[in-house]
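The structure appears right after this line, and notes come after that.
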Amino acid sequence: MAASSIETRFDRLILLHATLPRLAMAILCGAGLAVSGAILQQVLRNPLVAPDTLAVSAGARLTLGLVTLLAPGLFGFGRDLVAIVGAVAAVALVLVISRSRKYSPVSMILAGLVVSLYCGALSIILVLLKDRYLIGLFIWGSGSLSQQSWEPAIQLAMRLVVCGGVLLLLVRPLSVLDAGEDAARNVGVPVERIRLLAIGVAVLMAAFITSTVGVIGFIGLAAPALATFCGVQRFAARCLWSAIMGALLLLVTDLAVQLLSGDGAFIPTGAVTAVIGSPLLLLLLSRLQSRQPQPPTNETLTSSRVGQSRRTALLLTLLGAATLAGLAALVMIGRGPDGSWSILNGEMFADVLPWRLPRMLATAGAGGLLAIGGYILQRVTQNPLASPEIMGVSAGAIMGAAIALSFAGSSMDIGLGLATTIGSFAALLFVLSISLRRSAAPERILLAGVALTALVDAVVGLIIANGGPSSVLLLAWLAGSASDISLPVALATVGAAVVLLAVGLLGSRWLAVLPLGASVATGVGVRVPVAQSALFALVALTAAIATPVIGPLTFVGLMAPHLVRLFGIRSAPAGLVLSALIGAALMIIADTLARTIAFPLQLPTGILASLLACPVLLLLIAMGNKR
């Protein structure tokens, strides 16, 4: 009788101080992230925006890693405070960068994504160098709602209530933005100030949640998208229904996690959220209604005029080709056994070039491929977030690599390459099946890629969170390394880049007309569905070939087209060629640094590529070049 009474009291304690607080935390986090995503999508006018777009979780993760290694005493102030400071600092950097463009949506999205990529690259390098100290970041990054008391839920609820009170004051001016910025200004709405206040509220809500439970990022994208799919149009109603859907989605997910982990196994809720939410988003893609075509931007108008000097475009193309040829000479530079810098002489060619030349050619070809795909995708969709990575093709390669490394370890290099190739083309077929549907909108293609990427990232997160040798191997592969590339593979990659560049140039007319809108393109005789499907197939093919060679985290496909655009190139053929040249050049520089700066260690080429490209792009954005 006494034993039964003790067991009953124990179950009651678990219910009151663990189960119920966890359910409350799921509801609070789901609703808060959903509202944060709805605010950001309203302010930045982009269906792909989520709290992670402004580097909230990336900044928090990097700060936690740096504090763990360099100043662990700061954790005495609380891990939550450290994570919040990191998230706010990352967003502040985004605001500083986009200030010169008056916080325009495009500049903020681009700056946020670049800062996020930069912080993520630094975090991966820290984990690779100090994995035994930072293995906990894997678990925190996957998100866990486990609770031992009501205090965290109460504190989070109080913070979210304060943010919600500020949001109520912003609902009306934010709703006016649906009519356009000019119309909002005409009725007296200070657009820039309202945008900053709304972003501040959204970022604080996401930062409070991230610091409390870790990264649960998919809710901020999925819940507002589900509300939109269900026909909710008004901003206030969209916030309400996004909160309801976000709370339900995370609550159902966490209940499933508790059932699955009944044997004591650790399953992160954040990862499982994407596993459940991604298929749901994919099922609802068929209901996505395209937004009304926006008037051509200044950039589009400029591209349709004859004002673009062909002489300037040709000169820049020749200059880019000459620069690329000059960078090829970097293969001659290296470091000797004692660490000293040296230049190859004739006696060393036969011994050293077979190691250096294949990786340089492979990285250059893969960089060119991803840049070609990124330029085409951003041109067709007119979305600054579009890149081969976001289409989901790279996610297919990641899944293939995760399966191969989990079951075969590092003993099957050929099997790893085959698995990543199969995964890439499986994702390619999936994307094509979406794009070949009648009246497929670019938003649907990109959302399909986002959902597929989130699903794969969740599965990979589960694998990494469980630890083991395959986790470190997979993380190293994600960073992108070309040290084991053979010469036949390298030559095949370069050949594919040249061939697909030529194919892309054949579609230059499509690239020039499609940004003007479907009605204009149809009026000049372009079959829009056929053109979009062909170009999407070309983009997917470039990523499917490049990703197994250098990994998925180079982000050249995002950076190179923006560098071309910010340099003032508007002509589609010139932009396509220059993107390929810039992508190849970035990867050659990254590969040279990867094999020399930490000799004899071989750093990941893909991560170094993103570390090189991000500061240049951030500088160009901050300079406010509006040509």
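The values are calculated or read from the model by the stated rules, or taken from the named source; none is laboratory data. These figures come from a predicted structure and were not determined experimentally. Note that each Cβ is placed from the backbone with ideal geometry, even for glycine, and that neighbours are counted across all protein chains shown.
Got at least one residue in segment 216-225 being assigned to a loop (DSSP other than H, G, I, E, B) and either among the acidic types (Asp, Glu) or surrounded by fewer than 24 Cβ atoms within 10 Å (Cβ to Cβ) (or both)?
Scanning segment 216-225 turns up no residue that is assigned to a loop (DSSP other than H, G, I, E, B) and either among the acidic types (Asp, Glu) or surrounded by fewer than 24 Cβ atoms within 10 Å (Cβ to Cβ) (or both).
In segment 101-199, which helices (runs of 4 or more DSSP H) lie fully inside it and hold 1 or more residues that are touching a Lys or Arg at 6+ places or on another chain (Cβ under 9 Å), under 30 Å from TRP477 (Cβ atoms) and at pLDDT 80 or above?
Details: elements: 105-129, 131-134, 136-142, 151-176, 181-186.
Answer list for segment 101-199: 105-129.
Kindly indicate the residue of segment 506-527 that is surrounded by 15 or more Cβ atoms within 10 Å (Cβ to Cβ) and β-branched (Val, Ile, Thr) and also nearest to the chain's Cα centre (by Cα) among those meeting that condition. Spell out the reasoning first.
Here is the first cut: in segment 506-527, the ones surrounded by 15 or more Cβ atoms within 10 Å (Cβ to Cβ) are 507-518, 520-521, 526.
Now restrict to residues that are β-branched (Val, Ile, Thr): 513, 520, 526.
Working: VAL513: 28, VAL520: 31, VAL526: 32 Å.
My answer is VAL513.
Determine if segment 92-100 includes at least one residue that is modelled with pLDDT under 75 and either touching a helix residue (DSSP H, G or I) at 6+ places or on another chain (Cβ under 6 Å) or surrounded by fewer than 18 Cβ atoms within 10 Å (Cβ to Cβ) (or both). First the steps, then the outcome.
Within segment 92-100, the subset modelled with pLDDT under 75 is 100.
Applying the additional criterion that residues be either touching a helix residue (DSSP H, G or I) at 6+ places or on another chain (Cβ under 6 Å) or surrounded by fewer than 18 Cβ atoms within 10 Å (Cβ to Cβ) (or both) yields 100.
Taking every residue of segment 92-100 in turn, at least one turns out to be modelled with pLDDT under 75 and either touching a helix residue (DSSP H, G or I) at 6+ places or on another chain (Cβ under 6 Å) or surrounded by fewer than 18 Cβ atoms within 10 Å (Cβ to Cβ) (or both).
Among PRO548, PRO552, PRO561, which is the only one that is crowded, with 23+ Cβ neighbours inside 10 Å, modelled with pLDDT under 80 and assigned to a helix (DSSP H, G or I)?
When all the criteria are applied, what remains is PRO548.
So, in segment 564-582, how many residues would count as being of a type in the set (A, V, I, L, M, F, W, C), in a helix (DSSP H, G or I) and closer than 25 Å to MET108 by Cα?
Filtering segment 564-582 for residues of a type in the set (A, V, I, L, M, F, W, C) gives 564, 566-567, 569, 572, 574, 576-578, 580-582.
Now restrict to residues that are in a helix (DSSP H, G or I): 564, 566, 572, 574, 576-578, 580-582.
Adding the requirement that they be closer than 25 Å to MET108 by Cα leaves 564, 566, 572, 576, 578, 582.
Adding up the residues that qualify gives 6.
For the list (1) within 21 Å of LEU167 (Cβ to Cβ); (2) out of contact with any Cys (no Cβ under 8 Å at 6 or more places or on another chain); (3) in a helix (DSSP H, G or I), I need the number of the one condition that VAL35 fails.
Unmet condition: (2).
Does at least one position in segment 187-204 carry a residue that is touching an Asp or Glu at 6+ places or on another chain (Cβ under 8 Å) and free of Cβ contacts under 8 Å to residues at least 40 places away in the same chain?
Of the residues in segment 187-204, the ones touching an Asp or Glu at 6+ places or on another chain (Cβ under 8 Å) are 191.
This time we only want the ones that are free of Cβ contacts under 8 Å to residues at least 40 places away in the same chain, so: 191.
Yes, the conditions are met somewhere in segment 187-204.
Please determine whether any residue of segment 235-252 is over 24 Å from the mean Cα position of the chain (by Cα) and not in a helix (DSSP H, G or I).
No, every residue in segment 235-252 fails to be over 24 Å from the mean Cα position of the chain (by Cα) and not in a helix (DSSP H, G or I).
Yes or no: segment 48-63 includes at least one residue that is over 18 Å from the mean Cα position of the chain (by Cα) and either polar (S, T, N, Q) or surrounded by fewer than 24 Cβ atoms within 10 Å (Cβ to Cβ) (or both). It would help to see each step written out before you state the result.
The initial filter retains those residues of segment 48-63 that are over 18 Å from the mean Cα position of the chain (by Cα), namely 63.
Now restrict to residues that are either polar (S, T, N, Q) or surrounded by fewer than 24 Cβ atoms within 10 Å (Cβ to Cβ) (or both): 63.
For segment 48-63, residues over 18 Å from the mean Cα position of the chain (by Cα) and either polar (S, T, N, Q) or surrounded by fewer than 24 Cβ atoms within 10 Å (Cβ to Cβ) (or both): present.
(1) among the β-branched types (Val, Ile, Thr); (2) without any contact (Cβ under 8 Å) to a residue 60 or more places away in the chain; (3) part of a helix (DSSP H, G or I): which one isn't true of VAL232, the others all being true?
Exception for VAL232: condition (3).
Name the one entry in LEU33, LEU15, LEU23, LEU28 that is surrounded by fewer than 24 Cβ atoms within 10 Å (Cβ to Cβ) and out of contact with any Asp or Glu (no Cβ under 9 Å at 6 or more places or on another chain).
Details: LEU33 fails: surrounded by fewer than 24 Cβ atoms within 10 Å (Cβ to Cβ); LEU23 fails: out of contact with any Asp or Glu (no Cβ under 9 Å at 6 or more places or on another chain); LEU28 fails: surrounded by fewer than 24 Cβ atoms within 10 Å (Cβ to Cβ).
Answer to the check: LEU15.
So SER242 fits all but one of (1) of a type in the set (S, T, N, Q); (2) at pLDDT 65 or above; (3) surrounded by fewer than 23 Cβ atoms within 10 Å (Cβ to Cβ); what number is the exception?
(3)
Conditions tested, residue by residue: (1) of a type in the set (Val, Ile, Thr); (2) touching a Pro at 6+ places or on another chain (Cβ under 9 Å); (3) over 28 Å from SER123 (Cβ atoms); (4) in the same structural domain as ILE398 (by TED's automatic domain parsing).
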residue: ALA534; (1), (2), (3), (4): no, no, yes, yes
residue: LEU538; (1), (2), (3), (4): no, no, yes, yes
residue: ALA546; (1), (2), (3), (4): no, yes, no, yes
residue: PHE555; (1), (2), (3), (4): no, no, no, yes
residue: LEU558; (1), (2), (3), (4): no, yes, no, yes
residue: PHE567; (1), (2), (3), (4): no, no, yes, yes
residue: PRO573; (1), (2), (3), (4): no, no, yes, yes
